[in-house]
Amino acid sequence: LTIGSYAFNDNNLTELVLPEGLTTIGSSSFSKNSLTSITINGDSTRFNSTWDSIGFPEDLKPAE
C-alpha cells in the first residue's frame, strides 16, 4: 500500500492509524494538519527516516 504525495495535506486531521501493509508515504502527505496521535501498526519505526518529509510532527516520532 502507498499514500501519494500531498494526499491528506491540510485536512484538519488530529488522529491517524496507519495499517501494517503500508510501505510508502509520499512527501508532504500529512503536512498542515493538527496531528496529536499517530499509531503505526506493525513496525512502528518504519517511517522514521522520512518522518519530517511526510509532514508528521517530530514530537510524535516513535523511539527507536
Checklist outcome for this item: Per the filter on the stretch 36-52, residues open to solvent by 80 Å² or more (accessible area, probe 1.4 Å), over 14 Å from Ala63 (Cα atoms) and either in a loop (DSSP other than H, G, I, E, B) or touching a Pro at 6+ places or on another chain (Cβ under 6 Å) (or both) are Thr36
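Would it be correct to say that Gly21 is among the small types (Gly, Ala, Ser) and touching a Phe, Trp or Tyr at 6+ places or on another chain (Cβ under 7 Å)?
Details: among the small types (Gly, Ala, Ser): yes; touching a Phe, Trp or Tyr at 6+ places or on another chain (Cβ under 7 Å): no.
No: the conditions fail for Gly21.
In this structure, does Glu64 turn out to be modelled with pLDDT under 95 and assigned to a loop (DSSP other than H, G, I, E, B)? Before you say what the answer is, go through the steps one by one.
Details: modelled with pLDDT under 95: yes; assigned to a loop (DSSP other than H, G, I, E, B): yes.
For Glu64, the condition - modelled with pLDDT under 95 and assigned to a loop (DSSP other than H, G, I, E, B) - is met.
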Checklist entry - Can you find even one residue in the stretch 20-35 that is touching a Ser or Thr at 6+ places or on another chain (Cβ under 7 Å), of a type in the set (S, T, N, Q), assigned to a loop (DSSP other than H, G, I, E, B) and open to solvent by 60 Å² or more (accessible area, probe 1.4 Å)? => result yes
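Within the stretch 46-64, can you find the residues that are small (Gly, Ala, Ser) and within 15 Å of Thr36 (Cβ to Cβ)? If you could, list the steps in order and put the result at the bottom.
Initial filter on the stretch 46-64 (small (Gly, Ala, Ser)): 49, 53, 55, 63.
Gly55 - this is the single residue of the stretch 46-64 that is small (Gly, Ala, Ser) and within 15 Å of Thr36 (Cβ to Cβ).
The values are calculated or read from the model by the stated rules, or taken from the named source; none is laboratory data. Predicted model only: the values in this text are computed from it and were never measured. All Cβ positions, glycine included, derive from the backbone under ideal geometry; neighbour counts span all protein chains shown. What goes into the accessible areas is simple: the full protein's heavy atoms, side chains included, and nothing from ligands, DNA or RNA. Shrake-Rupley method; radii C 1.70, N 1.55, O 1.52, S 1.80 Å.
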